[in-house]
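This report concerns only the one structure given below.
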């Protein structure tokens with residue numbers, strides 16, 4: 001038998017191994033359950049701004065029907081999907097490169113009492129994310145919004161605070177899903193300077209930092225626009241605020257056509273006809289809803305097809321709506337006659353003449369002609385024509401002169417009045433593309449030369465027809481696809497940009513820059529003698545028989561304040577009694593109420609009300625208050641007399657003082673039945689368990705707490721003067737500095753260029 005004594009003497013190997021195993025399992029669970037901390041951080045301002053734009057665009061997108069329904073459910077929205085839905089405009093990272101639209105995303109996960117949003121952004125090898133808590137709060141302007149947590153009271157520090165600003169939409173016609181249907185006016189909601197400072201500059205815009213003193217900015221272009229507000233204060237601190245405005249005043253468009261059906265010789269269909277959308281487009285916010293029906297009443301049933309299976313004329317409607325709320329309608333009329341049999345005309349078109357470029361594009365005008373016109377059952381062709389709309393003008397050819405992709409139609413009809421159409425797609429582009437170059441980065445010196453490496457890039461690459469196929473930057477012709485070119489050697493350099501469209505048309509552009517050694521320029525400023533700030537005034541009394549020497553001196557100012565009267569002392573007399581209305585216990589009663597509360601009843605001349613207080617909930621001190629009348633205690637508020645306050649009375653005051661009270665509160669809920677409580681905001685709360693309670697009954701009673709004092713001042717004559725001092729800090733001198741050519745910061749500070757220069761490198 002294994003005894004207790006043996007247990008004490010032996011090493012508990014099994015127990016140790018079991019404990020070690022449990023510790024390892026616990027650590028692995030923590031690693032699995034807790035998210036790894038993001039140690040990388042958003043160290044790039046542009047990267048952080050892009051993450052915030054994704055967050056601000058995603059929150060209003062998640063309407064009630066798009067929210068995950070069950071705990072643990074997750075909804076994912078990639079950056080590419082956000083761009084396709086026109087929730088965002090394309091943005092780039094700090095290097096001008098496009099971010100990863102597939103691996104950048106937003107997820108929304110349903111938790112027990114809230115939603116967790118993760119915003120992940122990946123740009124050029126840099127990846128980071130933020131986690132945001134969302135909920136359905138009373139102050140939300142969309143289905144969900146961020147929790148509005150109370151701002152903690154900051155701990156005073158000796159460092160100065162910076163300015164801040166907030167923007168808001170002041171005017172604009174609101175559509176749906178956060179979009180506006182008109183020009184939108186953005187204004188400052190607030191502009192706040194740092195502690196002890198004043199606002200010295202501000203501005204609004206969509207470009208770089210601008211202190212244009214504009215209090216408003218009107219967004220006129222469609223799409224998503226980020227408006228920035230800029231403020232700076234007298235401490236030299238700056239701040240930036242922003243707001244995203246989404247505008248779409250362009251209606252969507254749609255077209256209907258026959259997707260399936262057998263067409264007879266007279267234009268009627270001899271079988272069931274399937275009508276469907278041939279196009280559903282919106283250039284801005286994107287298509288949010290659509291429908292197809294035979295009803296003239298707008299219907300958004302998300303159907304893309306409608307089947308006609310009865311003879312007669314049928315009008316089919318297509319309805320479309322974008323995310324901003326703009327709507328459009330399209331329609332088509334179909335005749336079905338399943339019994340009709342007759343001749344069957346047909347035709348084909350071909351290109352008769354044109355200069356073919358690349359990728360099926362023509363470089364000049366294109367002449368199209370009929371390749372064939374036929375019919376059946378002995379009928380003859382009686383009419384024909386070629387055009388963009390139905391015509392029987394008898395023209396066998398048609399000259400396409402406009403650039404772009406065009407669908408040209410041929411029309412024929414026969415002696416039985418049956419009709420047919422044929423078509424051909426013509427792609428024409430005889431217009432060269434265009435481009436322009438600009439300096440993306442570089443330090444500009446004097447006389448329009450650069451003192452650092454210069455990065456050249458495209459400011460535009462445009463083709464209005466077939467589109468840009470290839471491009472490149474270099475000192476010789478290249479289509480390497482590079483967007484930038486680095487000039488890193490001394491001298492003048494001409495850099496060329498090359499673009500080619502899909503039709504084969506080419507164009508070039510150029511820019512010339514010069515790089516030199518870095519030169520610094522000398523500046524000087526005459527600095528006046530410096531004094532310390534004047535001290536605060538010190539006020540004191542003097543003997544009129546021996547007054548001080550009044551006057552203003554470089555380091556001292558003495559000012560006579562003359563004779564005045566001051567209170568020498570006060571006479572106090574007993575005043576009126578001080579009361580308060582307190583509650584006193586007048587009895588008890590036993591009733592059935594919620595278990596975890598103490599119950600009290602207050603009785604007045606108008607009736608009685610029962611209140612509940614959580615067990616163990618005591619009174620909370622909330623501060624001091626002053627009154628001129630009598631305060632009234634309640635079951636939720638009570639007052640404790642402290643004394644009298646003469647602070648707002650002023651010198652020589654002789655009236656009765658105000659009264660000072662300590663104020664205490666506690667949470668009291670109105671009892672609405674035996675198991676129902678009503679909060680101060682009107683919310684009903686049910687309790688699960690009730691019991692017999694002894695309810696204490698109170699009534700209001702007037703109670704004496706003391707007597708007021710009436711004070712009367714006694715005056716005396718007093719002679720006063722005040723003085724202030726300052727000290728000499730530094731004698732006058734001339735300050736010299738070296739900087740770049742035409743340094744605006746130094747010039748604004750009063751420095752002037754001496755004409756002296758030096759080579760730094």
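The values are calculated or read from the model by the stated rules, or taken from the named source; none is laboratory data. This one's a predicted model, so the numbers in the text were calculated from it and none came from an experiment. Because the Cβ atoms are built from the backbone with ideal geometry, glycine has one as well, and the counts that use them run over all protein chains shown.
Every test in (1) without any contact (Cβ under 8 Å) to a residue 24 or more places away in the chain; (2) surrounded by 15 or more Cβ atoms within 10 Å (Cβ to Cβ) is passed by residue 441 save one, and that test is (2). Going through (1) in a loop (DSSP other than H, G, I, E, B); (2) modelled with pLDDT of 90 or more; (3) farther than 30 Å from residue 224 by Cβ one by one, residue 271 falls short only on (2). All conditions but one from (1) in a loop (DSSP other than H, G, I, E, B); (2) closer than 30 Å to residue 737 by Cβ apply to residue 478; the one that does not is (2). Look at (1) in a loop (DSSP other than H, G, I, E, B); (2) surrounded by 15 or more Cβ atoms within 10 Å (Cβ to Cβ) and you find that residue 213 fails only one, number (2).
Determine, yes or no, whether residue 26 is assigned to a helix (DSSP H, G or I), at pLDDT below 85 and more than 20 Å from residue 132 (Cα to Cα). Spell out the reasoning first.
On the way: assigned to a helix (DSSP H, G or I): yes; at pLDDT below 85: yes; more than 20 Å from residue 132 (Cα to Cα): yes.
Against the criterion (assigned to a helix (DSSP H, G or I), at pLDDT below 85 and more than 20 Å from residue 132 (Cα to Cα)), residue 26 qualifies.
Within the bounds of region 729-742, is there any residue that is closer than 30 Å to residue 539 by Cα and in contact with a strand residue (DSSP E or B) (Cβ under 6 Å, 6 or more places away or on another chain)? Yes, region 729-742 contains at least one residue that is closer than 30 Å to residue 539 by Cα and in contact with a strand residue (DSSP E or B) (Cβ under 6 Å, 6 or more places away or on another chain). Scanning region 63-74 for residues that are surrounded by 16 or more Cβ atoms within 10 Å (Cβ to Cβ) and in contact with a strand residue (DSSP E or B) (Cβ under 6 Å, 6 or more places away or on another chain) returns a single hit, 68.
Residues that are farther than 27 Å from residue 499 by Cα and in a loop (DSSP other than H, G, I, E, B) within region 432-448 comprise 443, 445, listed in sequence order. Could you check, for region 699-711, whether at least one of its residues is surrounded by 15 or more Cβ atoms within 10 Å (Cβ to Cβ), within 30 Å of residue 593 (Cα to Cα) and assigned by TED's automatic domain parsing to the domain that holds residue 615? So far as region 699-711 goes, yes, one or more of its residues are surrounded by 15 or more Cβ atoms within 10 Å (Cβ to Cβ), within 30 Å of residue 593 (Cα to Cα) and assigned by TED's automatic domain parsing to the domain that holds residue 615. Taken over region 453-473, the criterion of being buried (at least 16 other Cβ atoms within 10 Å of the Cβ) and outside any strand (DSSP E or B) is satisfied by 463, 465, 466. Within region 360-379, if we keep just the residues that are surrounded by fewer than 14 Cβ atoms within 10 Å (Cβ to Cβ) and farther than 17 Å from residue 400 by Cα, the residue that is farthest from the chain's Cα centre (by Cα) turns out to be 378.
Just checking, which of 301, 313 is surrounded by fewer than 17 Cβ atoms within 10 Å (Cβ to Cβ), in a strand (DSSP E or B), without any contact (Cβ under 8 Å) to a residue 24 or more places away in the chain and at negative phi?
Numbers: 301 fails: in a strand (DSSP E or B).
Just a single option satisfies the conditions, and that option is 313.
Among the criteria (1) surrounded by fewer than 11 Cβ atoms within 10 Å (Cβ to Cβ); (2) out of contact with any strand residue (DSSP E or B) (no Cβ under 8 Å at 6 or more places or on another chain); (3) touching a residue at least 60 places away in the same chain (Cβ under 8 Å), the one residue 563 does not fulfil is (2).
Would it be correct to say that residue 485 is in contact with a strand residue (DSSP E or B) (Cβ under 6 Å, 6 or more places away or on another chain), modelled with pLDDT under 90 and surrounded by 14 or more Cβ atoms within 10 Å (Cβ to Cβ)? So residue 485 fails the test. Filtered by the rule that a residue be part of a loop (DSSP other than H, G, I, E, B) and surrounded by fewer than 13 Cβ atoms within 10 Å (Cβ to Cβ), region 731-761 gives 731, 732, 742, 749, 750, 760, 761. Only one of the listed residues (116, 97, 127) is within 19 Å of residue 69 (Cβ to Cβ) and over 16 Å from the mean Cα position of the chain (by Cα). That residue is 116. For region 222-248, filtering for residues that are modelled with pLDDT under 90, part of a loop (DSSP other than H, G, I, E, B) and farther than 22 Å from residue 195 by Cα leaves 0. With respect to the conditions (1) crowded, with 19+ Cβ neighbours inside 10 Å; (2) outside any loop (DSSP other than H, G, I, E, B), residue 265 falls short on a single one, namely (2). Taking the listed residues 229, 201, 205, 223, the one that is more than 26 Å from residue 247 (Cβ to Cβ) and not assigned by TED's automatic domain parsing to the domain that holds residue 324 is 201, with no other qualifying. Restricting the search to strands (runs of 3 or more DSSP E) fully inside region 679-730 and requiring at least 3 residues that are without any contact (Cβ under 8 Å) to a residue 24 or more places away in the chain and within 55 Å of the chain's Cα centre (by Cα) gives 684-686.
Residue selection: residue 665 fails the criterion of being farther than 30 Å from residue 557 by Cα and without any contact (Cβ under 8 Å) to a residue 12 or more places away in the chain. If you go through region 88-135 and pick out every residue that is at pLDDT below 80, surrounded by fewer than 17 Cβ atoms within 10 Å (Cβ to Cβ) and assigned to a loop (DSSP other than H, G, I, E, B), you end up with 8.
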